[in-house]
Each structure stands twice: as C-alpha cells, then as structure tokens.
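Single-structure report; data block below.
The values are calculated or read from the model by the stated rules, or taken from the named source; none is laboratory data. Note that the coordinates shown come from a computational prediction; the quantities given were computed from them, not determined experimentally. Heads up, the Cβs are rebuilt from the backbone with ideal geometry, glycines too, and the neighbour counts pull from every protein chain shown.
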Amino acid sequence: MAEPTTSSAAPGLVAGVARGGAANLIGAVIYGLSGFVLLIVLNRGIGVRAAGVVVVAIAIFNIVTVIAGIGTSTGLVRTISTLRATRQAHEIPAAIRIALVPVAVLSLAVTALLWFTAPNLAEIFANGRRVEEVTEVLRAMVVFVPFATLHAVVVQATRGFDTMLPQVLIEKIARSLSLPIVAGGAAAIGMGPRGVGAAWAASNVPALAISSWSLYRRVHRAVAASGQPKAAATPTMRKEFWGYTGPRAIAQASNVVINWFDTILVGAILSTTAAGIYASGTRYLLPGLFAADALVQVISPRLSGLLAVARKAEASALVQIVGGWQVVVMWPVYLITLIFPTPLLTVFGDEVIEARGALVALSIAMLLTTPTGPSGAVILMAGRSRQAMFDTLVVLVVNIGGNLIFVPRYGLTAAGVVWGASIVVAEVLHTWQTNVSMGLRTIGRPAVVGMALSAATVGGVGVVARLLGGDAWGSLLATCSIGGGLYVAGLWTFRSPLHLDSWWNGVRRRSSPGTTDAAIPARGTT
C-alpha cells in the first residue's frame, strides 16, 4: 500500500475538524484560564493551606464522579453517532436509558458511601492533619456527586450529534467561568473551605439541567426525523453497549486516578498544603492538554468513520494534520514553562515556587509526546477499548508505583517526574500500537515543521533571554514578545505545510455538499 501523506485527507474532513476544533479550542482556552483564576482565588482568598484542603477534596470528588460514570459518556458518543449514521435514530432513547439508569443508581450509592467514609478518606489523604476540615468539605460536596456524574455523561453524549456547541457553551465556558466567581464569593463572605467546596460542586446542578434539555432536544429531533417510533431496549442492545463501555469504564477510572492520584498522594504523604502547592504548580500543564483534547473530541467521529470503512490513508493523513496542529498550539507553551518556571509559578504565590521541578519535568514530557498526535484516540476509534484499557492499567501501575516509591523521598519534584513518565509511557504504547499493529502513521510533516518552527523562534529566543536575564519576568516577557512575534510570522510563512490555510478556510465557511462528515457511513467514539 502506498505510504499515506497528509495531502490524502479529504478537504471536507479537514474543514469539519477545523470548524469544530476552533470552537472547542476557544472553549478549552477559557476553561484553562478559568482554572488558573480559580486557583489564584483559592490561594489568595482563603490561603494556601485552606486551598490545599479544597484541592484534595476536589481530587477525591473528581475521581468518584468519573468512576460512577462507568464509561458511559464515551459509549454514548459512539452509540449515538453510529445509530444516526446507520439510520437507526429511533433507537437512541433506548441507548440513553441503558446508559443513564445504572449511572444514576451507582452515583447515589457512591454518594452514600462517600458520606460515611469521608472521615477515613480524610485521615488517609490529609496525612493526619486538618482531617476534620477535609471531612467537612467532602461531606459538603458529596451531595452533588449524582448531579456532577450525570452532567458529565449527558453533556458528552451531545457530541454524538456531531456538535461541540453544548459542551463548549455549557461546560467549558458557562460553568468554568462561574467557578472562580462562586468560589471567590464564598471565600469573600467568610464561608471557608467548606463553603468554597460546596459552591464549586453545586455548579453542576444548573449545568445538568441545561445539558439535559440540550440532549433532549437533539434526541427528539433525531427520532422525529427518522419517521419511526421509539424502540425499546433489547438484550442485544445492552450487550453491545456494555461490551464496548465496560472496558472504557475501567480505563476512564484509571485515567482519572493517574491525573489526580499524585495530588492526593502528596496530601497523604506530605500535607494538604503541599497538595495545594503541587496542584497550582502543575496547572500550566493543563492548557496544552485541554487544547489537545479539544481537537481529539472533534476528530473522533470522523476518524472512526474512516477506520470503519478501511480508509487508512485518509485516517493517517487526518491524524498527522491534527498532530501538527497540536504541536503548533502546545510546543510554544511548554517551551516557555520549561525555560521560565519561576516567574510563572509566582502568579499563584511565592510558596508555589516549590513546585518548579515538577513543572519542568512535565514540560519535558509534553514536548516529547505532543508530536505523536492523537494516537490514543485512534485506538479507541478503531473499537479497541480492551487494548486501551490494558494500556491505561500499565500506566496506572507505573504512576502509582512511582509515586509510592519516590514521593516520600523526593517530594513534589518526584510527583511531577512520575506524572511525566506516565505520560511518556502511555504515548509510547499508543504510538507503537497505532503505527505497528494498525498500520497508521501518526507522525508526519506538519508536526516536524511545527517543532522546528517553535524551537527556532520561541525556544531560541527563550534560551538567549534566560542566559542574559535569568529566570525572571523580564526575560519571560522578552521571549513572549520577540519569540512570539517571530513565531506568528513563521506560522504565516509555513501555513501550507502546517495546513493552517485549511484550518482557516474550514473556520470561515462550511464544507460543500458531498464532503461533509455525514457522507461517512459509520461513526465512532472518543
């Protein structure tokens, strides 16, 4: 078979990814910035120590809600998009019931369990300090677990209708912008960590109401357009749904543990204050992850359709283009966090400088793994949920084992190094499996051009500025202005190999008939 090139990607597919990716990227930027503001509000509003208590409680809350979701968000995206593509939209309501009823029951059970075990969890994860405070915050937040779990599933399910709008507007913009406001308001009137935690968790209640209405409207329209009565759930439908979703439940639970375990382990081994410092210090990792996820979520149904009909050349081309876009967005960010960690961390407070080593380690990991593109998503979109589960469990062992061994000895830096190692191990597994076992090339010319351009402009100017002015604000600002200007000029010069012209054309106008994603006979998952 001829070697795939990025030129073989259908223009309609690239344009569709560009439109959805642009909207999702805007939402990701707002989401990331709101997270920064929230941590600044917590650290400066209630103090680093009290903020650490809230951060530990949020970590536990997030782990619990993802576990209670049992992988149904991914399962519904895959199922809804497939039913629409195969003209079986009348089965969508049954699929939603198959997913949501177990989630509702399990989330209520988890809520009761977390309420009663809150003192035990606080004792473990607060290292015997501030146990009563952590318990109070957990119990104030736990009543909102069912709302948070159902909202996460429902708002993700809307993506099965080939739209990012509900998720971007409801979750990434409206809810994320409200979090610093409600948390800051709670802190301002003296409610303390308990009130701040409850306010943070309560934001899921209105979010669930809005996301449920958004999903209902889309389901109603799809069923009406099908011209067939709603189908009842059958054993076959349940078997197919849970056959795919079951492994995803394990993988998603493992992923959220990987993302949050180091934070709660730092709290358990060191202190809740250290956990707050670590969470703030590593916050700079998240904007790039949000940006990458913004593109992955849009590419998912399209890529699944290509793989379903064995159009591997086009799938490879699409993955390489998106990989190049990820490099364009993420490499400058992580070059800056690598070269200038100190001034960036002082934004959260002088105490947070202690997390400098962790931020440097994570920056290196992200620079190494970004060029491989969305290889993990490719595995899922090919329907290999069991393989993805195995990969996640391997990374989970690396993460937990590394944290348990090294964090007690080397503190926050070790936690960052272990998280970075986990990211690298995951990407090595995904890339090897995608390129070798599936025959898709994930690294292409767009990523190479993006790396060279970022290194020559932002990286080069940053190194010179660091040598001349040190790890300080002046050097950082010089790099952002001079290096950033050169980088923008370079993007314009190399817009064709980076497919930025395709991105812009896709954002400006709709694809012409015949090149839309609806032409693909099967859709998939994320």
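Going by the structure shown, is Val329 under 19 Å from the mean Cα position of the chain (by Cα) and either at pLDDT below 70 or not aromatic (Phe, Trp, Tyr) (or both)? Reasoning before the result, please.
Values: under 19 Å from the mean Cα position of the chain (by Cα): yes; either at pLDDT below 70 or not aromatic (Phe, Trp, Tyr) (or both): yes.
Spelling it out, Val329 is indeed under 19 Å from the mean Cα position of the chain (by Cα) and either at pLDDT below 70 or not aromatic (Phe, Trp, Tyr) (or both).
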Note on Gly75: of the conditions (1) at pLDDT 90 or above; (2) buried (at least 19 other Cβ atoms within 10 Å of the Cβ), unmet is (1)
Of the conditions (1) crowded, with 21+ Cβ neighbours inside 10 Å; (2) closer than 23 Å to Val205 by Cβ; (3) among the aliphatic types (A, V, I, L, M), the single one that Leu106 does not satisfy is (1)
Within segment 381-401, residues surrounded by 19 or more Cβ atoms within 10 Å (Cβ to Cβ) and small (Gly, Ala, Ser) come out as Ala382, Ser385, Ala388
Condition set crowded, with 17+ Cβ neighbours inside 10 Å and part of a helix (DSSP H, G or I), scope segment 492-517, selection modelled with the highest pLDDT: answer is Leu500
Subset of segment 170-225, residues among the β-branched types (Val, Ile, Thr) and either touching a Cys at 6+ places or on another chain (Cβ under 9 Å) or under 18 Å from Ile58 (Cβ atoms) (or both), comes to Ile181, Val182, Val196, Val205
When segment 150-200 is checked residue by residue, the ones that are of a type in the set (Val, Ile, Thr), surrounded by fewer than 23 Cβ atoms within 10 Å (Cβ to Cβ) and over 29 Å from Thr72 (Cβ atoms) are Ile181, Ile189
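Quick grid of which residues meet (1) at pLDDT below 70; (2) surrounded by 21 or more Cβ atoms within 10 Å (Cβ to Cβ):
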| residue | (1), (2) |
| --- | --- |
| Ala249 | no, yes |
| Thr263 | no, yes |
| Leu270 | yes, no |
| Ala274 | yes, yes |
| Ile277 | no, yes |
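Suppose we filter Gly483, Gly462 for residues that are assigned to a helix (DSSP H, G or I), modelled with pLDDT of 90 or more, over 18 Å from Thr342 (Cα atoms) and touching a Ser or Thr at 6+ places or on another chain (Cβ under 7 Å); which single one remains?
Gly483
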Out of (1) assigned to a helix (DSSP H, G or I); (2) surrounded by fewer than 16 Cβ atoms within 10 Å (Cβ to Cβ), the one Gln228 does not meet is (1)
Residue pairs qualifying under the 7 Å Cβ cut-off, at least six apart or on distinct chains, with the first in segment 215-244 being under 26 Å from Val168 (Cβ atoms) and the second being crowded, with 16+ Cβ neighbours inside 10 Å and charged (D, E, K, R), are Ala222/Arg84; Tyr244/Arg78
> Can we say Ser375 is among the hydroxyl-bearing types (Ser, Thr, Tyr), within 27 Å of Thr74 (Cα to Cα) and under 20 Å from the mean Cα position of the chain (by Cα)?
Replying inline: yes
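Mind telling me which of the residues Val257, Val219 ends up being part of a helix (DSSP H, G or I) and either modelled with pLDDT of 75 or more or crowded, with 22+ Cβ neighbours inside 10 Å (or both)? It would help to see each step written out before you state the result.
Values: Val257 fails: either modelled with pLDDT of 75 or more or crowded, with 22+ Cβ neighbours inside 10 Å (or both).
The unique qualifying residue is Val219.
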Considering segment 127-160, residues that are polar (S, T, N, Q) and assigned to a helix (DSSP H, G or I), and then whichever is modelled with the highest pLDDT, we arrive at Thr149
Given the condition more than 21 Å from Val29 (Cβ to Cβ), part of a helix (DSSP H, G or I), in contact with a Lys or Arg (Cβ under 7 Å, 6 or more places away or on another chain) and touching a residue at least 40 places away in the same chain (Cβ under 8 Å), answer yes or no: does some residue in segment 201-213 qualify? no
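Using the structure shown, decide if Thr65 is in contact with a Lys or Arg (Cβ under 8 Å, 6 or more places away or on another chain), modelled with pLDDT of 80 or more, crowded, with 24+ Cβ neighbours inside 10 Å and part of a helix (DSSP H, G or I). Give the derivation first.
Details: in contact with a Lys or Arg (Cβ under 8 Å, 6 or more places away or on another chain): no; modelled with pLDDT of 80 or more: yes; crowded, with 24+ Cβ neighbours inside 10 Å: yes; part of a helix (DSSP H, G or I): yes.
Answer is no for this residue.
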Given the conditions (1) part of a helix (DSSP H, G or I); (2) in contact with a Lys or Arg (Cβ under 9 Å, 6 or more places away or on another chain), every one holds for Thr163 apart from (1)
The one condition Ala421 fails out of (1) over 29 Å from Gly376 (Cβ atoms); (2) touching a residue at least 12 places away in the same chain (Cβ under 8 Å) is (1)
If you go through Val398, Val394, the only one that is modelled with pLDDT of 85 or more, closer than 30 Å to Glu240 by Cβ and not acidic (Asp, Glu) is Val394
Looking across segment 81-103 at residues that are at pLDDT below 90 and part of a helix (DSSP H, G or I), the single one that is surrounded by the most Cβ atoms within 10 Å (Cβ to Cβ) is Ser81
- Message: Quick check on segment 423-433. Is at least one of its residues within 30 Å of Ala315 (Cβ to Cβ) and in contact with a Phe, Trp or Tyr (Cβ under 9 Å, 6 or more places away or on another chain)?
- Response: yes
